[in-house]
Every structure is written in C-alpha cells, then in structure tokens.
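Okay, so here's the structure we're looking at.
The values are calculated or read from the model by the stated rules, or taken from the named source; none is laboratory data. Keep in mind that this is a model prediction, so the values were computed, not measured. Here the Cβ positions follow ideal geometry from the backbone for every residue, glycine too, while neighbour counts run over all protein chains shown. The accessibility values were calculated without ligands, DNA or RNA, using every heavy atom of the protein model including side chains. Shrake-Rupley method; radii C 1.70, N 1.55, O 1.52, S 1.80 Å.
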Amino acid sequence: MSKLSNILLASLVISLMSCIDDFDPAINSYQNLLVVDGGFSNEPGPHTVRLSLSTRVSDPGFIPVVNASVKITDNLGNIIFLDETEPGIYQTTEEVSGIIGRSYTLEVITSSGKTYVSETEKLRQPVEIDTVFHETVTRQETGYDYDLYGYEFYVNTRQ
C-alpha cells in the first residue's frame, strides 16, 4: 500500500469518527415503572410475557418482576394463568392458543398487590405479509429550527 493510500485511509477513518455524536439525554430522574413485553396469538404456545422494571437510559438492563400473578382472560370468561418459568418470565402451557374472534385482556398483580389491566383486544384473522419497505423522509415540525430526518416503514399485506 502506498504512502498516499495510507494517508487517504487514515483521513477517511478520522472523518467517519468525527461524524458520530454521542446522545446522552439529561434525564435526572426516572421511576421504577412496570414494563410488560409479550404477545398472544392463535399459534400454539407457549406464549411469553416478560415483566421488568424500567431502567435508566445510561444503564439499561433487565430487572425482573418476580412472584407476580399473570393471567389472560377472554370475553367468555375463560382464564389462562401464566407460570413464572424464570425470574420475570411468565408463560402459558404449550397447548394454549388464542381463538380468532375472541377478545383478550391481560392482568398482572405484583407481589406488592398492585394491579395492572390491559385494554381488551380482539384477536383478528392474521393476514399474509407481502412486502416490507421504508422511505427516507425529511419533515419540518413546529418547535424545531431544523429539518427532522428519519424513516417511514410500510407493510403491504394480502387478504
């Protein structure tokens, strides 16, 4: 490699490093909020719900919420209890699956007795995904002195 090539490569590396700006938001406080992450479908189980506490952006991690009571109830009054299989991980049995057309609600009761209930959601017939694509967009928003750049994602489905 020639001396000129080495200089060009070094210049490129330095210029790329200078384009990176760290994002460290000035968040002075946060709360230990319950984070619920999970899903339920008409596919065979097990279906998983992860319960954890929120953490600082600068110190992310998984702080499990243990010994909670977690259940899914349908609009006919059927109840599905989830078992804690690992700290903060709650699962249905493998035989359980949702039924298209029924509505479901998730309820979590923590070991301290605090109750959280989701909105009721109807399980709809799944649709086949045809394509997923994105477009780069630029927007001007009130309150910003500069353009906002980002992506918009789109999904085409088949019925």
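So here's what we get for this one:
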read-out: Positions within the stretch 118-127 being open to solvent by less than 80 Å² (accessible area, probe 1.4 Å) and either under 30 Å from residue 68 (Cβ atoms) or at pLDDT 95 or above (or both), in sequence order; value: 118, 123, 126
read-out: Members of the stretch 62-117 that are of a type in the set (Gly, Ala, Ser) and either surrounded by fewer than 12 Cβ atoms within 10 Å (Cβ to Cβ) or in a loop (DSSP other than H, G, I, E, B) (or both); value: 68, 77, 88, 97, 98, 101, 111, 112, 113
read-out: Residues of the stretch 144-159 classified as in contact (Cβ under 8 Å) with a residue 24 or more places away in the chain and of a type in the set (A, V, I, L, M), total; value: 1
read-out: Which listed residue, of 130, 145, 59, is part of a strand (DSSP E or B) and at pLDDT below 95; value: 130
read-out: Hits in the stretch 70-100 - residues which are more than 19 Å from residue 35 (Cα to Cα) and touching a residue at least 24 places away in the same chain (Cβ under 8 Å); value: 73, 74, 75, 76, 93, 94, 95, 96, 97, 98, 99, 100
read-out: The stretch 34-52, subset open to solvent by 50 Å² or more (accessible area, probe 1.4 Å) and without any contact (Cβ under 8 Å) to a residue 60 or more places away in the chain, residue nearest to the chain's Cα centre (by Cα); value: 37
